[in-house]
Every structure is written in C-alpha cells, then in structure tokens.
Amino acid sequence: MLRVHFTGLDLARLRLAGDPDALWETVLSLHRLRDKQGESIFGDWRSETRTRLNGETRLLAPLVPSRGYFPDFLTPPEGVLGLDSGMQALRETPGERVHRELGRLSTARTLPAWIRSMAEGDERAFAKLTGALQAYHDAAIAPYWQHIQAQIEADRAVRGRALLDGGADALLSSLPPMMRWRAPVLEADYPVDRDVHLNGRGLLLVPSFFCRRTPVTYQDPELTPVLVYPARHMSESAPAVQTAPRSLGKLVGHTRSAVLGSIGGGCTTSELARRVGVSAASASQHAGVLREAGLVLTLRNGSAVMHTLTPLGAALLRGGHRQPRQPQPSIPERSTPATM
C-alpha cells in the first residue's frame, strides 16, 4: 500500500495537471503494449502500434521492465508541457543522476552493454535512448494524442467539479477506487508498502490514459511530489467553451446545436437541461446522439454524469478545420500494475 501524508499546507498546494504528460504516457504505454490483459480492449491499439515499431520496444524493455522500478529521469516534470519540452529536460539530466538511477535498476537485473555505457556517461548511448523514446512515441502515442487529450480533459472535468464543490477534500475523495482519502492520508493500492511525506511541498496529480490499476510516483523522495493515477475512461472529450455557429444548426438541428454549444468545459445532464431549456430526459437523449457521433464524451461521477466536448465537437463549434481523425486505442478497465 502507498500512503501519501498531507499537511494543511500540502492541501493548499494540491494541483491537477492541465494536460496529459507526454513522457509518462510514453513510458506507461510500454506496459500496456507488452501485457496480455484486456486484449479485447487494447488489442487494436497493440496491433496497429506494433506494425509501426522497428525494434524500439526491445531497446527500451530493460529500462522499463514489465514490473517494478524504472528510472525517474525518464519522466521529467516538463513532460506535461509536451514531448519536445520533456525530451529537452531528459537530455539535460545530470550524469550523476543517470548513474545513480541506472545503478538502482541494475541491482534487480543485468543490463545490456549500451545501458551500462550510458550509466558511465557515454553520450552516444544516451542519444540512443532519446532516439528510441522519440521513435516509440511517434509510433505508439502520437497517432492517438487527440484521443488521449480528450480522455484526460474529461477526467479533469470530474475532478475540477469536485474541487469547486468541496475543495481539496472532495477532489481527493473523487479519485478512482484504488485510491482512498482518509484525511490526512491518501492511501492507494501499490505493489510495495511505502510512505510518502509531502512536508509542505504539495502534490501534483497527473491523470494518465495508460496508467492502470495502481497510481505511480517517483522512487526518489527528494523529487517534486507527483502522483500519476488512472484516468477514468469512456469515449472522448475536449476542453472548450464555444458558441455554435448558425450553420451548425442546419447540420445537426437547432436544439442539438444548442446542446453542443452549452456543454462548454463540462456540465451535468441537469445543468445542460437548464442551459438549453429542455427536460433532463431530452438533454440526455440529445447528448447521447452527440456522443455516438463522436462529438461529446460522458463520464459518470457517482449518481450524476459529466458531459464534455471531444476535439471533434470543439472543432465543429469553432467552424474550423482539423486533421483527419486518427485510429483510437480502446479503453481498458483493468490491467497489470506498471511501476513501483
């Protein structure tokens, strides 16, 4: 079990990441690619991704084993700013830290020669790592990025509503079932028994598309506290507050156009009904049609549901153009723990 100990100052400094973290998603997806669970759910994503790979999984597997520790430097905080920022921070990792964290990894398994060379400061070996991560991301993550963003934004809508309604206590209580808020301690299912004391530094919560079953945190207690947790999955979502153009009413009907334009950054069915001036049953029906068309994502939050826009729905409201929709990975319900 993992126990995260909060002080009053930590609760005041509790934050929720604004975007998916490109490197956390990259690293955690390696577990989903190699495990055999959820084949009916992740099968298409695995098959499509494997056709685009060229040995990257074999190179990265010793650094990111199926279970247990992987080096903290692979997922710098800058990853939440995008892949380019994350990769730049990764390249700037001090050699002493690389040596220390790879040394921790080597106590559990024998590492290939190129990784041992990287631990000793070989720049060519480090370039081999960053090249493999970039190529893997391009094959496994980039084609699905809009879908990943939509899932994360939908999860953020649920957490944000909890924060607005009840503060940090409500936000922590709203986290997935494998995490339990028993003030002042957040308990979570975890592969090992561990305590993390925040000591006034606060905590960054990072919802993740590819994280499953248990949350993940840094091994090094001196690093800025981060807790990556499994995002709730349904269909698709995106953050947007838009006014529907008149032409949209001709396409989907004026009431349905009003429903789409009223969802904004997220709302419940009853709120949607009030905004549009229809019954709750009618609002639910219209949202269902829009969901089937890929314009809306719906997540259940207790007895209520939260509707958010997908990237396609937001683009339609803007009346702008977007890239052709990429194939989307299916949504896992349960899977194998990723890290310690």
| query | What is the Å³ per residue value for the convex hull set by the Cα atoms of the range 38-96? | reply | 137 Å³
| task | Could you provide, to the nearest whole Å², the per residue accessible area of the range 1-72 with probe 1.4 Å? | result | 42 Å²
| query | Roughly speaking, to the nearest percent, how much of the range 169-216's 1.4 Å accessible area is carbon and sulfur? | reply | 50 percent
| task | Using only Cα atoms, locate the centre of the range 196-230 and the centre of the range 11-34, then give the distance between them in Å, rounded to an integer. | result | 9 Å
| Of all accessible surface on the range 6-120 at a 1.4 Å probe, what whole percent is carbon and sulfur? | 50 percent
| message | Once neighbouring chains are kept in place and the probe is 1.4 Å, which whole percent of the accessible area of the range 122-165 is contributed by carbon and sulfur? | response | 50 percent
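How much accessible area per residue does the range 152-194 have, counting only protein heavy atoms and a probe of 1.4 Å, in square angstrom?
Details: 1820 Å² over 43 residues.
With all protein chains present, the range 152-194 gives 42 Å² per residue.
With a 10 Å radius around each residue's Cβ, average the other Cβ atoms per peptide and rank 216-227, 155-166, highest first. Show your work: numbers first, answer last.
Working: 216-227: 17.1, 155-166: 19.3.
Final packing ranking: 155-166, 216-227.
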| Which of Ala12, Gly131, Phe70 sits farthest toward the positive end of the charge dipole of the range 1-146, with +1 on the Cβ of Lys and Arg and -1 on the Cβ of Asp and Glu? | Phe70
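The values are calculated or read from the model by the stated rules, or taken from the named source; none is laboratory data. In this text the structure is predicted, and so the values were computed from the model without any measurement. FYI the Cβ positions are ideal-geometry reconstructions off the backbone, even for glycines, and counts take in every protein chain you see. Surface accessibility is based on the protein's heavy atoms, side chains included, excluding ligands, DNA and RNA. Shrake-Rupley method; radii C 1.70, N 1.55, O 1.52, S 1.80 Å.
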